[in-house]
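Each remark here refers to the structure printed beneath this line.
The values are calculated or read from the model by the stated rules, or taken from the named source; none is laboratory data. Keep in mind it's a predicted model, so treat the numbers as computed, not measured. Positions of Cβ are generated from backbone atoms using ideal geometry, with glycine treated the same way; all protein chains shown enter the neighbour counts.
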Amino acid sequence: MKILVTGSSGHLGEALVRTLATRHHEIIGLDVTPSPFTSHVGSIVDRVFVERCMQGVDTVIHTATLHKPHLMTHSREEFVATNITGTLNLLEAAAAVNVSAFVYTSTTSVFGDALVPPSGAAAAWITEDVVPVPKNIYGITKCAAENLCELIHRERNLPCLVLRTSRFFPEIDDNPVKRRRHEDQNLKVNEFLHRRVDLQDVVDAHLLAVERASNIGFGRFIVSATTPFALEDLVELRKNATAVVMRRVPRFAQEYERRGWAMFSDIDRVYVNERARRELGWRPRYDFDHVLTLLESGADFLSPLARVVGSKGYHSERFVDGPYPVQ
């Protein structure tokens with residue numbers, strides 16, 4: 001199979017190219033940034049370049065994007081060009097050559113303000129049925145690109161699945177307040193409860209989406225670690241998240257005490273991956289319980305694939321706030 005992977009120099013793109021290469025597929029890696037995993041250097045905004053790369057392609061996995069950390073360094077026009085126009089170029093070129101599957105990497109950030117309940121309200125239970133309320137140009141352009149996927153599927157019968165991934169980046173958190181409250185590993189492990197996923201599990205979800213796209217046609221799926229929480233926990237999660245975790249995964253306390261770590265006092269949203277597990281047959285391995293097991297054994301909580309891909313950063317320069325520019 002000839003597979004086009006956009007964003008092949010990025011975290012997910014590299015991980016996909018590495019994995020697909022072991023399965024003896026022909027890989028076309030496309031990115032604006034050269035890397036050992038990118039065979040075609042260029043922009044998805046360039047329609048002619050995209051059409052040239054698409055020749056003979058059977059499947060497209062579209063991960064290329066401008067991310068939230070680019071909000072302070074890139075214009076709204078650049079976000080529209082890359083995330084919307086670039087996606088449209090790929091969709092139309094893919095439909096023209098009748099690819100068997102188009103998998104689009106979206107983000108849980110499309111939910112935007114729907115993720116933040118008002119003060120005193122229960123935590124938000126985030127499924128694919130929650131209506132997105134994008135709060136910045138990043139979320140707006142990702143949401144628009146999802147809608148383009150649905151439109152081209154409907155008009156051109158292109159099998160197209162949208163995967164809304166939660167956090168899987170290894171970089172430090174972009175919120176300095178959170179960084180002051182928790183050391184980096186503590187923060188990331190906490191997030192496996194409700195808003196993080198391991199890179200290996202993200203790759204597995206994309207490959208399953210490739211297999212299932214022709215049967216499903218079109219669909220949106222949340223790709224996040226399986227949460228131990230249930231609907232009845234949502235009120236207490238806003239008031240005393242530690243007590244809920246003690247009830248659901250009590251053995252965390254001993255390992256956290258050993259490491260001097262702290263649990264979040266307040267969890268405001270929970271991503272629910274039930275549809276992806278049911279319809280894609282996805283079985284994410286790296287949930288909070290598995291991560292605890294790795295920590296207890298003295299192992300790294302990241303998958304081997306996540307470790308080998310490592311940190312990429314989002315900019316070529318450093319800023320006052322580390323890898324993230326501040327306003």
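For this structure, a couple of remarks:
- Subset of the range 23-48 (residues that are over 22 Å from A81 (Cβ atoms), touching a Lys or Arg at 6+ places or on another chain (Cβ under 9 Å) and of a type outside the set (D, E)): H25, I27, F37
- Some residue of the range 143-161 being of a type in the set (A, V, I, L, M, F, W, C) and closer than 30 Å to F301 by Cα: yes
- Candidate set: the range 135-153, residues that are of a type in the set (D, E, K, R) and in a helix (DSSP H, G or I); chosen: the one nearest to S109 (Cα to Cα): K142
- Among the residues of this structure, E255 counts as one that is surrounded by fewer than 19 Cβ atoms within 10 Å (Cβ to Cβ) and touching a helix residue (DSSP H, G or I) at 6+ places or on another chain (Cβ under 9 Å).
- Candidates P159, P176 - the one that is in contact with a strand residue (DSSP E or B) (Cβ under 8 Å, 6 or more places away or on another chain) and farther than 27 Å from F264 by Cβ: P159
- Residue selected from the range 54-99 under the condition among the charged types (D, E, K, R) and touching a strand residue (DSSP E or B) at 6+ places or on another chain (Cβ under 9 Å), by the criterion farthest from N157 (Cα to Cα): K68
- Filtering S316, S311 for residues that are in contact with a Pro (Cβ under 9 Å, 6 or more places away or on another chain), at pLDDT below 95 and of a type in the set (S, T, N, Q) leaves a single hit, S311.
- Note on the range 1-15: residues that are in contact with a Pro (Cβ under 9 Å, 6 or more places away or on another chain) and either surrounded by 24 or more Cβ atoms within 10 Å (Cβ to Cβ) or among the aromatic types (F, W, Y) (or both) total 1.
- Among residues of the range 25-51 that are modelled with pLDDT of 95 or more and part of a helix (DSSP H, G or I), those with a beta-carbon under 6 Å from a residue that is among the polar types (S, T, N, Q) and crowded, with 17+ Cβ neighbours inside 10 Å at least six positions away or on a different chain give the pairs R47/N89; V50/N89.
- The set of residues from the range 97-122 being buried (at least 20 other Cβ atoms within 10 Å of the Cβ) and either under 30 Å from Q55 (Cα atoms) or not polar (S, T, N, Q) (or both) comprises V99, A101, F102, V103, Y104, T105, S106, T107, V110, F111, L115.
- Subset tally (residues that are without any contact (Cβ under 8 Å) to a residue 60 or more places away in the chain, on the phi < 0 side of the Ramachandran plot and surrounded by fewer than 18 Cβ atoms within 10 Å (Cβ to Cβ)) for the range 56-80: 5
- Helices (runs of 4 or more DSSP H) enclosed by the range 209-287 - at least 2 residues per element that are closer than 22 Å to T59 by Cα: 274-279
- Being closer than 22 Å to F169 by Cα and out of contact with any Gly (no Cβ under 9 Å at 6 or more places or on another chain) holds for only one residue in G281, G260, G298, and it is G298.
- Index of the failed condition, V131 passing every other in (1) more than 20 Å from R195 (Cα to Cα); (2) over 17 Å from the mean Cα position of the chain (by Cα): (1)
- Qualifying residues in the range 27-58 (those that are acidic (D, E) and under 24 Å from the mean Cα position of the chain (by Cα)) - the one farthest from L208 (Cα to Cα): D31
- Residues of the range 270-307 that turn out to be in contact with a His (Cβ under 9 Å, 6 or more places away or on another chain) and farther than 19 Å from F229 by Cβ, as a count: 2
- Considered as a group, the residues in the range 172-197 that are touching a Phe, Trp or Tyr at 6+ places or on another chain (Cβ under 6 Å) and assigned to a loop (DSSP other than H, G, I, E, B) include one that is farthest from A123 (Cα to Cα), and that residue is D174.
- Matching residues, the range 147-205, being of a type in the set (D, E, K, R), farther than 21 Å from L292 by Cβ and either crowded, with 20+ Cβ neighbours inside 10 Å or touching a Cys at 6+ places or on another chain (Cβ under 8 Å) (or both): E150, R164
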